[in-house]
Amino acid sequence: MFDITSIRADFPILQREVNGKPLVYLDNAATSQKPQQVIDAIVDYYSRYNANIHRGVHTLSQEATDAYEIARKTIQEHFNIAHPYEVIFTAGTTHGINLVANGFASFLKKGDEVIVSALEHHSNIVPWQMLCEKTGAVLKVIPMTQEGTLAMDAYSGLLSEKTKLVFVNHISNALGTINPIEKIIELAHQVGAAVLVDGAQACSHIKPDLTALDVDFYVTSAHKMCGPTGVGMLYGKEEWLKKLPPYQGGGEMISEVTFEKTTYADLPHKFEAGTPNICGGIAFGAAIEYLNHLGFDAIAAHEHTLLEYATNELLAIDGLKIYGTGREKTSVISFNVENIHPYDIGTILDKLGIAVRTGHHCAQPIMEFYKIPGTVRASFAFYNTKEEVDQLVAGVKRAQQMLS
Ligand SMILES: *Cc1c(COP(=O)(O)O)cnc(C)c1O
């Protein structure tokens, strides 16, 4: 069914050693590893048909343009998006959020309200704070619970006619909580507010149907879903993308330029100024094909097994506490061991070849809520194994012995 040995063989980096030990890579929430199929797409592009796109009449330019636009269609189909021109290539999630926040400056006035959640990554907080400073709009926060879920009753109470925009992540990168975005979107629409969902952490685990969700904007990064860094997607409903002003000016995004007036290109080019990350876009398409070949149901089932197993094994360690215990969560485990700094655990695990993340995970408000400096975060992908969970657990026990 899910042939983990052959899947792991697709990832050259998983064969390497770190500090004399086989690499155990459990930092997938920060970035995923890349299969040979994606690496090949990158090498193939630069070896055979590297050229600038959209303007050239020559063969290489046409081949590159075709491959780039096929990747856009792959993304469109994967996310069940109505039109290819509603897929905007970006440099990643952070870029996509800034693009929308910047555009909303033209729509907001003093006293308008925008709503963020307490579970956000800094990249889904700071651009909106900048927007509020510019426009005089007020930032409201959906509070979180001890379990690391959103307080949905409080959310309902925050919504009003003043609410113009709600932005939440689909899955929290710090805790793994899956947020009830269907409900969040439905309630926001009832008061006429638009919704942006940060899908950076979600798209390696699940396959969102953006038409069914009826979301206004959805952003993600290729590098968290087996694609390269520096490329991502912004989905926007056509009506919104038409209204939203361009973010950056330059080549590719214009229809006609004179010194008196410039008219902008049609979608999606209006938002794609300059030479894009052509190779990245093509490789993003290859990554999506790779994931779909495995199948998201199989990926979710395997990751769920790892999550349950790792949760039980870790909780058996004396003094270990897990943050983020909601019922709906993905394979991210944030934890601390009593009286030990997360950084020290991370350092010892690295000596054993085990890669985890330590710190605030770009989500300082969550750490503030729990009154902790940070956590150790082990995040599992479909290519991780139960044996690797065992190594993690043994490593944490060893760190505990050494440090207490
Ligand atoms: C990783 C991540 C981001 C930032 O993505 P970039 O690729 O660094 O732009 C934002 N939000 C969440 C939930 C993330 O996991």
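The values are calculated or read from the model by the stated rules, or taken from the named source; none is laboratory data. These numbers come from a predicted model, not from an experiment. When we count neighbours, we look across all protein chains shown, and the Cβ atoms used for this are built from the backbone with ideal geometry, even at glycine. With ligands, DNA and RNA removed, areas are computed over all heavy atoms of the protein, side chains included. Shrake-Rupley method; radii C 1.70, N 1.55, O 1.52, S 1.80 Å.
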- Task: Among residues belonging to the range 204-255 that are assigned to a strand (DSSP E or B) and open to solvent by 30 Å² or more (accessible area, probe 1.4 Å), point out the one that is farthest from the ligand (Cβ to nearest atom).
- Result: SER255
- Considering the range 186-202 alone, what residues qualify as being within 24 Å of HIS95 (Cα to Cα) and either assigned to a loop (DSSP other than H, G, I, E, B) or open to solvent by 30 Å² or more (accessible area, probe 1.4 Å) (or both)? ALA193, GLY199, ALA200, GLN201, ALA202
- Message: Residues that are open to solvent by less than 70 Å² (accessible area, probe 1.4 Å) and more than 19 Å from GLU289 (Cα to Cα): list the helices (runs of 4 or more DSSP H) wholly contained in the range 1-108 that include at least 3 such residues.
- Response: 93-104
- Note on the structure: When every residue in the range 137-176 that is part of a loop (DSSP other than H, G, I, E, B) and open to solvent by 30 Å² or more (accessible area, probe 1.4 Å) is compared, the one nearest to the ligand (Cβ to nearest atom) is THR149
- Query: Condition test on THR347, is it polar (S, T, N, Q) and part of a strand (DSSP E or B)?
  - Reply: no
- Message: Just the residues that are touching a helix residue (DSSP H, G or I) at 6+ places or on another chain (Cβ under 6 Å) and assigned to a strand (DSSP E or B), please, taken from the range 350-377.
- Response: ILE354, THR358, THR375, VAL376
- Pull up the range 351-404, narrow it to residues that are among the polar types (S, T, N, Q) and open to solvent by less than 10 Å² (accessible area, probe 1.4 Å), then point me to the one that is nearest to the ligand (Cβ to nearest atom). SER379
